[in-house]
Amino acid sequence: MGTTGTTPTAVSWSAFESAEPELAATVRERFGMYTHHALATLRKDGSPRLSGIEADFRAGELWLGMMPRSRKARDVQRDPRFSLLANPGEGTSMGGGDVRLSGRAVEITDPRKLDWYAAEVGMPMPFHVFRAELTEVVRTYVDGEEIVLRTWSPGRGTRTLRRGNDDSPPREDAPQV
């Protein structure tokens, strides 16, 4: 979740989905398998906090709704960086892989947008609503005897790394054109 010197470029869910529709579909499917997921935020002292959350895809955006004055809401109000891990599910199969997103949470304060969101989700106010801006998307899965890491970030695109069950260094798949 940290940065080194500069803030990475962040994009909306819809921009990511336009850039990488296949990976975006896999991510949405993975998040859609369960309601509750794990959100990592930064506490005031910089240490990590892990909290449960419901992630919601609506109107081309990824939304994070939080209870009023919750610790996770206060965390991202103070420092908007977050990571979000899709619920891995039961057992060790991980339902097609591990999916996680990182980025910044942008709080929605416009009363019309808040009213729209409350009506969309059927939840009475008050609550905090944040729109996710993505700096990284990662899918990890097993393919035969290899673990595969598919990563995306704005401006860099998608990379696929494969690694075996030995000490060999990971190898990168050729970029897809």
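Values computed for the structure shown
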item: Lone qualifier among 59, 86, 25 - being of a type in the set (A, V, I, L, M), closer than 19 Å to residue 135 by Cα and exposed (fewer than 14 other Cβ atoms within 10 Å of the Cβ); result: 25
item: Among (1) buried (at least 17 other Cβ atoms within 10 Å of the Cβ); (2) within 11 Å of the chain's Cα centre (by Cα); (3) among the aliphatic types (A, V, I, L, M), the one test that residue 53 misses; result: (2)
item: Counted residues, the range 97-110 - those being touching a Leu at 6+ places or on another chain (Cβ under 8 Å) and assigned to a loop (DSSP other than H, G, I, E, B); result: 1
item: Where residue 77 falls short, out of the listed (1) open to solvent by 40 Å² or more (accessible area, probe 1.4 Å); (2) of a type in the set (S, T, N, Q); (3) within 14 Å of the chain's Cα centre (by Cα); result: (3)
item: Single residue of the range 29-60 satisfying the filter (hydrophobic (A, V, I, L, M, F, W, C) and farther than 18 Å from residue 82 by Cβ) that is modelled with the highest pLDDT; result: 59
item: Filtered residues of the range 147-167 (kept if loosely packed, with under 13 Cβ neighbours inside 10 Å, without any contact (Cβ under 8 Å) to a residue 24 or more places away in the chain and within 20 Å of the chain's Cα centre (by Cα)); result: 156
item: Any hit, the range 19-38, residues being of a type in the set (Asp, Glu) and in contact with a Ser or Thr (Cβ under 7 Å, 6 or more places away or on another chain); result: yes
item: Qualifying residue in the range 83-98 (condition: polar (S, T, N, Q), at pLDDT 95 or above and closer than 24 Å to residue 30 by Cβ); result: yes
item: Strands (runs of 3 or more DSSP E) lying entirely in the range 111-177 (those with 1 or more residues that are out of contact with any strand residue (DSSP E or B) (no Cβ under 8 Å at 6 or more places or on another chain)); result: 157-163
item: Boolean, residue 26 is of a type in the set (Ser, Thr, Tyr), more than 20 Å from residue 118 (Cα to Cα) and either out of contact with any helix residue (DSSP H, G or I) (no Cβ under 7 Å at 6 or more places or on another chain) or at pLDDT 90 or above (or both); result: yes
item: Selection within the range 29-48 - open to solvent by 30 Å² or more (accessible area, probe 1.4 Å) and touching a helix residue (DSSP H, G or I) at 6+ places or on another chain (Cβ under 9 Å); result: 29, 33, 34, 43, 44
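The values are calculated or read from the model by the stated rules, or taken from the named source; none is laboratory data. All of these numbers come straight from a predicted model, not from anything done at the bench. Quick reminder, even Gly has a Cβ in these numbers, built from the backbone with ideal geometry, and neighbours come from all protein chains shown. The accessibility values were calculated without ligands, DNA or RNA, using every heavy atom of the protein model including side chains. Shrake-Rupley method; radii C 1.70, N 1.55, O 1.52, S 1.80 Å.
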